[in-house]
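**Student:** Below you will find the structure I want to go over with you.
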Amino acid sequence: MATARLDYIAPWWTYWLHNFPHFNFTFQPVDNTFRPGEASYQQSLVFLACISAAGLVLSLLLLSVYLTSVCCCRKEEEEETKRPDSCCVSWTAVITGLILCSAVGVGFYGNSQTNDGVYQLTYSLHNANHTLGGINSLVSSSLGSMEVGLQQHLDRLDEIFATRGDYVQALRFMGQMADNIIRQLTSMPELSKAKVDLSAIADQTDYVEYYRWLTYLLLLILDLVICLVAFLGLAKQSRWLLTMIMVFGVISLVLSWGSLGAGTATAVGTSDFCVSPDKFIANRTKEFLSAEVTHYYLYCSQNLPNPFQQSLTIFQRSLTTMQIQIQGLLQFSVPVFPTAERDLLGIQRLLNSTEFNLNQLTALLDCRGLHKNYLDGLMGVCYDGVEGLLYLCLFSLLSVSAFCVMLCAIPRAWTLITSRNRDYDDIDEEDPFNPQARHMAFNPSRASHVHSFCSYSSSLDSQASPHPPPQTAAILPTSEYMNQAMLFGGNPRYENVPLIGRGSPPPSTFRNIFSQNENHLPVYD
């Protein structure tokens, strides 16, 4: 009887991914039921990955055409047209950096979510594997006690009680109860096959997840480093850094497309499982588990009968009957046959340990433990796992977009850097308005011809001389003007610069001349 279950509901994104079209290599539609062992279903997932490969080829082709057109159609531009292009390149770099940084943040979150979901799945598998291993161990221990240990004690007691028919009859009855217990234990389903499957799935999942997480982590770090180095190359206007970014940008573009294809195929396949997981597990376990047992553990409803209840009840009743028989034999046979006490006590200890195993077996066979592990695994892989894969696919899309824009913008930045360097090389070094020329104009040979304050004083003493001082200080750099101003007034004011350049005396000289000739001025009434 099928019952509706409310504790697990597949999330909406799994239904959305489950409805993706599934095609094989001949473009024939394929059933989207999760069947990983069939070749047609495997081809449908590989076909989804090949769509990303086609996108990679198309993007590389378009980039090649664009780069070829940039290289072949490069032309000289005027200064007015350089500024808007430089601004456009700057804004493109900023937007690309923001997109790439956002993609890296989304990628880190998606990688963490996927890892958490897979860890929850493997943890649940290990717990279920431990439960199944405990069930197999208890069944094997109880069978060994009944078949070997109990039979040895019964054989020895049969020799001791050979003269007492009633005691021998009690031993035969205990043997029948032991046979009932053995039949009930052997009729239980063989869970060792399920244990082996869960162990193999958990180990393989852990192995694949470790390398998947490490691969995405390295890809995220590579994208972040490329973004930082690209900004450094633009800031320093380094052409070799931009060339290196072009190479690694192409590599990251290929890796981003590859991760997009792998993430999409994995997300779709996992969603196909998450939409109907019960059907897949029932088909996988029908070889060693009955449909009733599988249904009991998958749904675990109070309305469902426990398929082991009858066997456990017979086990308990047979064990109780044997304990009653042993108590009677210990009470009545030991005074007559003292040598039988050792074997009777051994049977009693064996029955007590078997009862302890029965209680543990009853608890482990209850559906609540395995069903909880089953639900935890589904929640981990279908909620956190698939959600993380979607974020990783978004990261791949953003990375592809950012790297395509970056690979288109870097050649333009290269052109601007080359043209700017060429314009700097064309500047005349003898131009007095060139800042580089003013730095190069000063040398010790020219500085030796500059007149100092003493030369100006001597020129004032010989005012009648018709030859003015030479105009060699006109091309002094600003630093020399500042030094001369410090000599004159102690204050490096730029208003002294024209005076020095014209060979005129400083203002302090005019004040001295005016004070000397003050008494010779005519006085008018």
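The values are calculated or read from the model by the stated rules, or taken from the named source; none is laboratory data. This structure is a prediction, so every number in the text was calculated from the model and none was measured. Here the Cβ positions follow ideal geometry from the backbone for every residue, glycine too, while neighbour counts run over all protein chains shown. Quick note on the areas: whole protein, heavy atoms, side chains included, nothing else; ligands and nucleic acids left out. Shrake-Rupley method; radii C 1.70, N 1.55, O 1.52, S 1.80 Å.
**Student:** Got a number for residues in segment 176-194 being surrounded by fewer than 15 Cβ atoms within 10 Å (Cβ to Cβ) and more than 30 Å from Asn127 (Cα to Cα)?
**Tutor:** 2
**Student:** Being in contact (Cβ under 8 Å) with a residue 24 or more places away in the chain, open to solvent by 20 Å² or more (accessible area, probe 1.4 Å) and under 21 Å from Ser353 (Cβ atoms) is the filter here, so list the residues in segment 150-166 that pass it.
**Tutor:** Correct list: Gln151, His153, Arg156.
**Student:** Which residue pairs have Cβ atoms under 6 Å apart, sit 6 or more places apart or on different chains, and have a first residue in segment 374-403 that is in contact (Cβ under 8 Å) with a residue 12 or more places away in the chain and a second that is open to solvent by less than 40 Å² (accessible area, probe 1.4 Å) and not in a helix (DSSP H, G or I)?
**Tutor:** Between residues of segment 374-403 that are in contact (Cβ under 8 Å) with a residue 12 or more places away in the chain and residues that are open to solvent by less than 40 Å² (accessible area, probe 1.4 Å) and not in a helix (DSSP H, G or I), the close pairs are Leu375/Tyr8; Leu378/Tyr8; Tyr383/Pro11.
**Student:** Check whether at least one residue in segment 230-243 is open to solvent by 20 Å² or more (accessible area, probe 1.4 Å), closer than 30 Å to Val148 by Cα and not charged (D, E, K, R), and report yes or no.
**Tutor:** no
**Student:** Let me ask you something else. Which numbered condition trips up Ile326, out of (1) over 30 Å from Ser44 (Cα atoms); (2) within 34 Å of the chain's Cα centre (by Cα)?
**Tutor:** Tallying (1) over 30 Å from Ser44 (Cα atoms); (2) within 34 Å of the chain's Cα centre (by Cα), Ile326 fails exactly one: (2).
**Student:** Just checking, which of Tyr210, Tyr216 is under 30 Å from Ser256 (Cβ atoms), out of contact with any Leu (no Cβ under 6 Å at 6 or more places or on another chain), modelled with pLDDT of 90 or more and open to solvent by 80 Å² or more (accessible area, probe 1.4 Å)?
**Tutor:** None of the others qualify; the one that does is Tyr210.
**Student:** Scan segment 219-229 for residues that are touching a residue at least 60 places away in the same chain (Cβ under 8 Å) and either open to solvent by 60 Å² or more (accessible area, probe 1.4 Å) or within 30 Å of Ile135 (Cα to Cα) (or both) and report the count.
**Tutor:** Of the residues in that region, 1 qualify.
**Student:** Based on what the data block shows, is Asn115 modelled with pLDDT under 95 and open to solvent by less than 70 Å² (accessible area, probe 1.4 Å)?
**Tutor:** Details: modelled with pLDDT under 95: no; open to solvent by less than 70 Å² (accessible area, probe 1.4 Å): yes.
It is false that Asn115 is modelled with pLDDT under 95 and open to solvent by less than 70 Å² (accessible area, probe 1.4 Å).
**Student:** So, one more: Restricting to segment 302-319, name every residue that is within 24 Å of Glu355 (Cα to Cα) and open to solvent by 50 Å² or more (accessible area, probe 1.4 Å).
**Tutor:** Pro305, Gln309, Gln310, Ile314, Gln316, Arg317, listed by residue number.
**Student:** Which one is most open to solvent (accessible area, probe 1.4 Å) among residues in segment 320-345 that are assigned to a loop (DSSP other than H, G, I, E, B) and in contact with a Phe, Trp or Tyr (Cβ under 7 Å, 6 or more places away or on another chain)?
**Tutor:** So, considering only residues that are assigned to a loop (DSSP other than H, G, I, E, B) and in contact with a Phe, Trp or Tyr (Cβ under 7 Å, 6 or more places away or on another chain), the one most open to solvent (accessible area, probe 1.4 Å) is Phe337.
**Student:** Take Asp197 and tell me if it is under 30 Å from Gln309 (Cβ atoms) and open to solvent by 40 Å² or more (accessible area, probe 1.4 Å). Working first, answer last.
**Tutor:** On the way: under 30 Å from Gln309 (Cβ atoms): yes; open to solvent by 40 Å² or more (accessible area, probe 1.4 Å): yes.
Judged against the criteria, Asp197 is a match.
**Student:** Within segment 310-330, take every residue that is of a type in the set (A, V, I, L, M, F, W, C) and free of Cβ contacts under 8 Å to residues at least 40 places away in the same chain and give me the one that is farthest from Tyr167 (Cα to Cα). So that I can check it myself, show each step before the final result.
**Tutor:** Going residue by residue through segment 310-330, those that are of a type in the set (A, V, I, L, M, F, W, C) are 312, 314-315, 319, 322, 324, 326, 329-330.
Now drop any that are not free of Cβ contacts under 8 Å to residues at least 40 places away in the same chain, which leaves 324, 330.
Working: Ile324: 13, Leu330: 11 Å.
Ranking the qualifying residues of segment 310-330, first place goes to Ile324.
**Student:** If a residue must be free of Cβ contacts under 8 Å to residues at least 60 places away in the same chain, exposed (fewer than 15 other Cβ atoms within 10 Å of the Cβ) and among the β-branched types (Val, Ile, Thr), how many such residues does segment 10-46 contain?
**Tutor:** Going through segment 10-46 one residue at a time, the tally reaches 1.
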